[in-house]
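Written out below as structure tokens is the structure these notes cover.
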């Protein structure tokens with residue numbers, strides 16, 4: 001009994017230390033990452049029923065940071081191995097970005113509790129996942145890769161393609177809808193007797209099945225509270241209804257003195273849509289009842305004037321920059337990006 005009690009205490013201590021480690025970044029953000037700017041009043045044109053909190057454009061970046069991290073990981077795997085990915089800098093990048101944006105959010109208003117809770121949950125999950133993956137891939141994973149030699153095994157190639165498919169999927173669809181169990185099954189079907197393949201089948205198979213179980217929990221939770229809206233409203237000018245109807249996913253709502261109110265898809269589809277509209281000379285007047293918006297773009301330079309954040313993209317050799325600007329300036333800025341040596345990545349809605 002004494003031995004059992006000793007091990008229970010040890011496990012309890014480990015659990016406590018793990019909990020403190022995962023909660024420490026949240027405590028830091030809440031206490032040390034606060035801004036003192038005062039939000040500027042804005043008279044929204046859209047009906048309040050179609051407004052989205054402006055601070056959400058800032059708080060969507062941590063979500064997309066994780067999407068970008070998976071894309072970086074897939075790019076690293078295209079020519080390298082899992083142990084080549086810098087896991088700890090990726091974790092640190094999430095929390096340092098959130099810290100900066102939490103302080104910046106003061107200029108936009110208060111971040112609602114539900115949004116903060118969501119960001120912290122995905123941050124802790126992301127941290128735990130990458131920490132566990134780093135622990136394995138930097139030790140046993142690296143050992144099996146070394147024993148394999150410089151040539152990738154069949155399952156190395158399969159898992160690299162799966163990572164790329166997953167990264168592409170996340171551009172428009174929530175992660176918990178991905179087919180993790182199908183990926184695990186594919187590994188089992190395509191594994192060869194090679195030592196590396198046996199190791200990949202076991203290690204990644206366990207990872208995928210654990211993610212599948214967690215995804216089921218998240219999907220059930222989302223079903224209880226309802227998924228976020230897949231469309232939003234905006235007002236645009238510089239084109240008639242006939243022109244706007246040519247854009248896929250656009251629905252004309254009404255014509256107004258300041259422009260035409262339309263409904264559009266969100267997420268990556270919105271980025272492609274707004275880029276095309278800007279190219280055709282259409283101006284964006286207001287988005288979801290807001291006059292501020294964020295976007296990310298790449299460049300070969302380490303910093304860019306006016307960027308809120310700049311972080312190197314793993315595997316690509318360039319830098320991602322986050323910009324904030326007024327909605328009416330968005331279309332012209334998009335038209336100028338190529339001239340400025342920037343490539344648009346994503347426009348953050350709310």
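Quick note: the coordinates plus some simple rules give every number you see, no bench work behind them. This one's a predicted model, so the numbers in the text were calculated from it and none came from an experiment. A quick note on method: Cβ atoms are made from the backbone with ideal geometry, for glycine too, and the neighbour counts reach across all protein chains shown.
In the set 251, 266, which member is surrounded by fewer than 18 Cβ atoms within 10 Å (Cβ to Cβ) and touching a strand residue (DSSP E or B) at 6+ places or on another chain (Cβ under 7 Å)?
Numbers: 266 fails: surrounded by fewer than 18 Cβ atoms within 10 Å (Cβ to Cβ).
One residue alone meets the criteria, 251.
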Some residue of the stretch 26-48 being under 30 Å from residue 258 (Cβ atoms), in contact (Cβ under 8 Å) with a residue 24 or more places away in the chain and surrounded by 20 or more Cβ atoms within 10 Å (Cβ to Cβ):
yes
Would you call residue 338 touching a strand residue (DSSP E or B) at 6+ places or on another chain (Cβ under 7 Å) and surrounded by fewer than 13 Cβ atoms within 10 Å (Cβ to Cβ)?
no
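Given the stretch 118-227, what helices (runs of 4 or more DSSP H) lie entirely inside it while holding 3 or more residues that are at positive phi and over 22 Å from the mean Cα position of the chain (by Cα)?
Details: elements: 142-148, 154-169, 180-190, 195-225.
Once the helices (runs of 4 or more DSSP H) in the stretch 118-227 are filtered for at least 3 residues that are at positive phi and over 22 Å from the mean Cα position of the chain (by Cα), nothing remains.
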So residue 227 clears everything in (1) crowded, with 18+ Cβ neighbours inside 10 Å; (2) under 30 Å from residue 285 (Cβ atoms) except one condition, right? Which one?
(1)
Of everything in the stretch 291-350, what is farther than 22 Å from residue 104 by Cβ and in a strand (DSSP E or B)? Give them in sequence order.
343
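Which is more than 22 Å from residue 29 (Cβ to Cβ) and out of contact with any helix residue (DSSP H, G or I) (no Cβ under 6 Å at 6 or more places or on another chain), of 88, 46, 77?
Numbers: 88 fails: more than 22 Å from residue 29 (Cβ to Cβ); 77 fails: out of contact with any helix residue (DSSP H, G or I) (no Cβ under 6 Å at 6 or more places or on another chain).
Testing whether each residue is more than 22 Å from residue 29 (Cβ to Cβ) and out of contact with any helix residue (DSSP H, G or I) (no Cβ under 6 Å at 6 or more places or on another chain) leaves just 46.
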If I filter the stretch 303-335 down to residues being surrounded by fewer than 16 Cβ atoms within 10 Å (Cβ to Cβ) and on the phi > 0 side of the Ramachandran plot, which single residue comes out as nearest to the chain's Cα centre (by Cα)?
317
Say whether the condition of being assigned to a helix (DSSP H, G or I), farther than 30 Å from residue 45 by Cα and free of Cβ contacts under 8 Å to residues at least 40 places away in the same chain is met by at least one residue in the stretch 240-248.
no
